[in-house]
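Quick note: the coordinates plus some simple rules give every number you see, no bench work behind them. All values derive from a computational prediction rather than experimental measurement. In this analysis, Cβ positions are derived from the backbone assuming ideal geometry, glycine residues included, and neighbour counts consider all displayed protein chains.
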Amino acid sequence: MFFVFFLRLLILFSFVFSNIHPTLADVRVRIKDIVSVEGVRGNQLVGYGLVVGLNGSGDTIGSTTFTRESLASMLERLGVNVRDNTGAALLNGKNVAAVMVTATLPPFARQGSKIDVNVSALGDAKDLRGGTLLVTPLLAADGQVYAVGQGSVAVGGFKAEGQAASVTKGVPTSGRISSGAIVEKEIGFELASMNHLKFNLNNPDFTTAKRIADRINHTLGNGVAKAEDPSTVQTSIPDSYRGRTVEFMTLVEQLEIEPDQVAKIVIDDHDGVIVMGQHVRISPVAISHGSITIKVTENPEAIQPTNIVQANTTALNANATFGINDQNQSTSQTNTPTTNTVTGNPITTTTNTTTNNNSATNNTTTNQAAQPSNITKSNTGILNVAPGSQNSATFGPGGTSFVAPGIGTAVVARTDIKVTEEKGKMAVLESGVTLQQLVDGLNALGATPRDMIIILQSIKASGALQAEIEVI
């Protein structure tokens, strides 16, 4: 008898604790965390102002027109004249910066309450540290002033620089003023007098909207809530909560449901991040993964110039080429220098013998190619290089040649390409695999996050992936 009682008690506790601790698949969230109330929203405010008190890190007033004119107008409103007879503002310095001031007016903000503001430099200011924002009206989209900002700017970043180096941390041209604006005008919204409320889903979904409506109706009675579309659930405030809209909202917000979601894979191609929902499923598919590595190495090689041997008189153009060990022939010539011009791209042999007072001189050429410019060699043994050429050379006496300082070293490109292909692995994913099985299968292939991106897109293209892929 005691055993039967103990067994029943154990079953009861198992049922209670199973409801308190839902399984991982049954993730329940509060309605307030997935919806917003229509009409209960913040409003963006923006204003233009001046930050003063900067230690030489503000705008260059002489060259920044809007900062100079704004400062002059502000001083004129305070009774200070800073303009000459022509109307030009006589202002200079770098202790003032023009800024844009932004803030968010929260819902139900009342006159006199304070809000935070953000301050951002507009001109060429380098640092807003130590600055103070002067009175700045903050306007909404309708052009009306809803708040006024003023206060000391707190900047998280800094910048330090010298003549040859500088260090910057964070963004020193942007700061924040906590409770830096006072609300001057309220936005009319009477929640207590409303008979109907609309809940807007943060992530529109038909199933989730239906579950919200069913959960409200189950708690407050049928007909209280109705799902109008995937993003809107309309509720009617029951008679027992008329005039007590806040209590009604509190009750509805604490109700819990299990939100539904579409099967989606979100891919950040830039950072290689992949996020997959739990409903992602794969049809039977075989995947082979291999990789090809291509390595390109550049090893440039320097080629030294060859020796150039003296010849008495020779003129070469950019395409001229000497033959190797070409013997010059004797020619009768007396005290008259001769100039021969060799043209053409193929190898050309040039011979020249000068006879002076019955003394013949034979010359041998050992150059493979002429320099890439017009070169003229005179009888004095000087190799003249035309203007604009890269190299020059001078021959020594007696036909002995040497390389002059102007001769340049040629650089020849050497490229080594190596291709390595790893053996691919084949994996088979069964039908309807879960998210964990999919990840385990891709990891078994040794795939990196970027490899997984290509694999998932290929599976989607084959029609085997029952999920939506979104690339951001």
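Inter-label distance, Leu90 to Asp214: 8.1 nm, where each label sits 7 Å from its Cα along the C-beta direction.
How high is the FRET efficiency between Asp260 and Asn81 when r is their beta carbon distance and R₀ equals 45 Å, given to the nearest 0.05?
0.05
Taking packing as the residue-averaged number of other Cβ atoms within 10 angstrom, the listed peptides 193-202, 94-103, 210-219 run from highest to lowest as 94-103, 210-219, 193-202.
Take the Cβ-Cβ distance between Asn55 and Leu139 as r, set R0 to 30 Å, and report the resulting FRET efficiency rounded to the nearest 0.05. Using R0 = 30 Å, I get an efficiency of 0.45.
Length gained on full extension, Thr297 to Asn43: 85.6 nm, using 0.36 nm per residue less the C-alpha separation.
Near Lys418, which lysines are there with a Cα under 24 Å away, not counting those fewer than 8 places off in the same chain? Partners found: Lys295. Determine the alpha carbon to alpha carbon distance for each of Lys114/Lys169; Lys126/Lys159; Lys114/Lys198; Lys32/Lys210; Lys264/Lys460; Lys32/Lys114 and list only those over 19 Å. Check vs 19 Å cut-off fails for Lys114/Lys169; Lys114/Lys198; Lys32/Lys114.
Sorted fewest first by neighbouring Cβ atoms within 10 angstrom, Asp116, Asp205 come out as Asp116, Asp205.
Summarising the amide proton neighbourhood of Ser113: residues at separation of 5 or more, or on other chains, whose placed amide H is nearer than 5 Å comprise Val183. Dividing the convex hull volume of the alpha-carbon atoms in the range 148-197 by its residue count gives 129 Å³ per residue.
Around the amide H of Gly131, modelled in the peptide plane, lie the amide H atoms of Val153, all under 5 Å away and 5 or more residues distant in sequence or on another chain.
Note that the range 149-163 has calculated 3J(HN,Hα) couplings of x, 5, x, 7, 8, 9, 10, x, x, 8, 9, 10, 9, x, 6 Hz, one per residue in order, obtained from phi through the Karplus relation 6.51 cos²θ - 1.76 cosθ + 1.60 (θ = phi - 60°); glycine and proline are x.
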